[in-house]
Every structure is written in structure tokens, then in C-alpha cells.
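What follows is calculated from the coordinates using simple rules that are stated; it is not laboratory data. Keep in mind it's a predicted model, so treat the numbers as computed, not measured. We place every Cβ from the backbone using ideal geometry, glycine too, and count neighbours over all the protein chains shown.
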Amino acid sequence: MVRSRRFGLLADFDGTLSPIAPTPDAAQISTRAADALYTLVSQISLVSVVSGRSVRDLMQKVDIDGVLYVGNHGAEYVEHGRLRVAPGIAEYGDRIERVSTYLQDKVDSPEIVWDYKKYSLAVHYRQTERPDQTRLTLRDAWETFPEADLLELFWGKMVMEIRPPIGIDKGYAVKRLVKERRLDSVIMLGDDTTDVDACRTIRRLRGVRGAGILVLHDDTAQALMETADYSLVGVGEVEMFLEWLVAASDGSRHE
């Protein structure tokens, strides 16, 4: 697969290329992973980092030339400095901003990290004293938002996410990148519930060999275990896999 004519590697950021951090700002890409991605850019058809972070934030965290950055779960794309957004996403910016303001007024906790990303909202509650209770409080507040039925709610690892209800997710990103780059094989690395859509999509691709690789942590979601084809334990094994991929792809640059 990795030596096929047009091979693409897609990887999540938090918990995959970066160890899980107490806050989003504290996350840093693994040095070994970054070195491997830097080399792979010149060896395979596509290296893409696909994240729920805003694409600008993602670019700052990874900072590797030649990587195609996908932010907001498939809503934003940046390659060689050019930004593109998914069709239909722009009209939801104001509504996402309104729900961000509304929820912050309803749930006042200094331990919560509010991450408004224009096309989505992530509410991180890992640092709260009682995360389970905070989740319930956030859910109850969300259910009173007047426009709740016009948006979609998702739960990840100690994070509540609100997105437009138009099918923009990591599965959409996989399909788009495979089509645009004419890939004949693809691997996706991910560790959270948001990566389930990508793994499911890879299994449904026709005429494309693919694999979803789960990065295991203590709180790995059962749904992802059921949709991934292979698994790695933590960022340490991701580093080893990427270094193996560098060796396996050496001298086989595909145009």
C-alpha cells in the first residue's frame, strides 16, 4: 500500500501527533513525528494533518512546509498558503458565535476552555473539578439554546463540539482529498470519536486501498475501536510507525 503509485497519509493532531495536553494551547507536536512528516512530504503524494482545530491554529502547531492542513473537521483547507473552505459552511459563522456567547453566559467556570473557531465551537472541560457534572451542565445549557435544532452537537474526549449540520466531518475530508489528489491508497491515523467518520469512509472507498489506524489511550472510544483496521499504543508507537513509513517509502516519490 505505502509504495503504491499515489499514496496519502492523513493524521489527526491531538493525541496522535501530539500527546494529550491539559489545554489546547499546551499541545506540541512530537519532534520525532514532525521529523518524519517533514521527510514524507518529499516521498509520498500527500501528507495531510486533519484536525478539529482551526486551520490557522493547526498550521502554527505543525509548521511543516508541504503539508496540506485541514481544520475544523474538514471545513478549512490550506496548502501552500492558500485557504479554501467547504461549500455552505460560511453562512454558519454567526450562529456558531451566538451559541458560544450563549453557553458562556449560562455556564460560568474558569476551568472551562472556550475555543470558538468561526465554523465550529469546542468547549474543553478536562480541567474542571467534576468533568462528568460539567458535561451534564453543558448539555442542559445547549438544549435551551433557541437555535439548537439548527446546529449539531458532538462529544469527544472531555470536549463538547458544536458544528453546522451539513455533513462536514473528517469523512468528508477523506473523500475530498482522495478525489482531488487522485489517491489509490490512503492511511488515516486518529485517536478520538471525531476520527470515526474518517475510518468509516475509508472502509467504503471504491477502487482505493485504505486503512484506519487507531491510536490507543486509556479513554479510547469503543466506536473507534470498532471502525479502525489497526491500532498503535500512544504517540510513541505513532512515532515508530511514521519512521517505518519513511524507510518504506524512501526512493518511491510519486507524482
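For every other residue with a beta carbon closer than 14 angstrom to the beta carbon of F154, add +1 if it is Lys or Arg and -1 if Asp or Glu, then tell me the sum.
Numbers: positive: K117, R135, R139, K157, R163, K170; negative: D115, E152, E161, D169, D192, D195, D197.
Taking every Cβ under 14 Å from that of F154, the sum is -1.
Simple point charges give the picture: +1 on the Cβ of Lys and Arg, -1 on the Cβ of Asp and Glu, and for the chain a dipole about the Cα centre of about 1220 debye. Annotation: amide H of L68 within the under-5 Å range of V47, S48, V49, sequence separation 5 or more or interchain, hydrogens built in the peptide plane. Report, ordered by chain and residue number, the lysines lying within cross-link reach of K170, taken as a straight Cα distance under 22 Å and ignoring same-chain residues fewer than 8 apart. Candidates past the 8-residue exclusion: K61, K117, K118, K157, K179. Residues considered: A36, A90, A228. Largest GNM mean-square fluctuation over the chain, using C-alpha springs under 10 Å, is found at A90.
Peptides 194-200, 93-99, 106-112: what's the order by average Cβ count within 10 Å, highest mean first?
On the way: 194-200: 25.0, 93-99: 15.7, 106-112: 13.6.
Descending packing order for the listed peptides: 194-200, 93-99, 106-112.
Net charge of the neighbourhood of P164, taken over other residues with C-beta under 10 Å away and scored Lys/Arg +1, Asp/Glu -1, is 0. Under the criterion of Cα pairs below 8 Å and six or more residues apart, the relative contact order for region 90-163 equals 32 percent. Positive end of the dipole of the chain (Cβ unit charges, origin at the Cα centre): among Q133, F13, G88, the Cα lying farthest that way belongs to G88.
Per-residue Karplus couplings for region 72-81, computed as 6.51 cos²θ - 1.76 cosθ + 1.60 with θ equal to phi - 60°, are listed in order as 6, 6, x, 7, 10, 9, 10, 9, 6, x Hz, Gly and Pro entered as x.
Dipole size of region 86-162 about its Cα centre, with +1 on Lys/Arg Cβ and -1 on Asp/Glu Cβ: approximately 240 debye, rounded to the nearest 20. With a sphere of radius 9 Å drawn around the Cβ of A36, what net charge do the other residues whose Cβ falls strictly inside it have (Lys, Arg +1; Asp, Glu -1)? My count for the surroundings of A36 gives -2.
Helix 170-180 axis versus longest C-alpha principal axis of the chain: approximately 40°, rounded to the nearest ten. Region 161-234 and region 60-74 have Cα centres separated by 16 Å.
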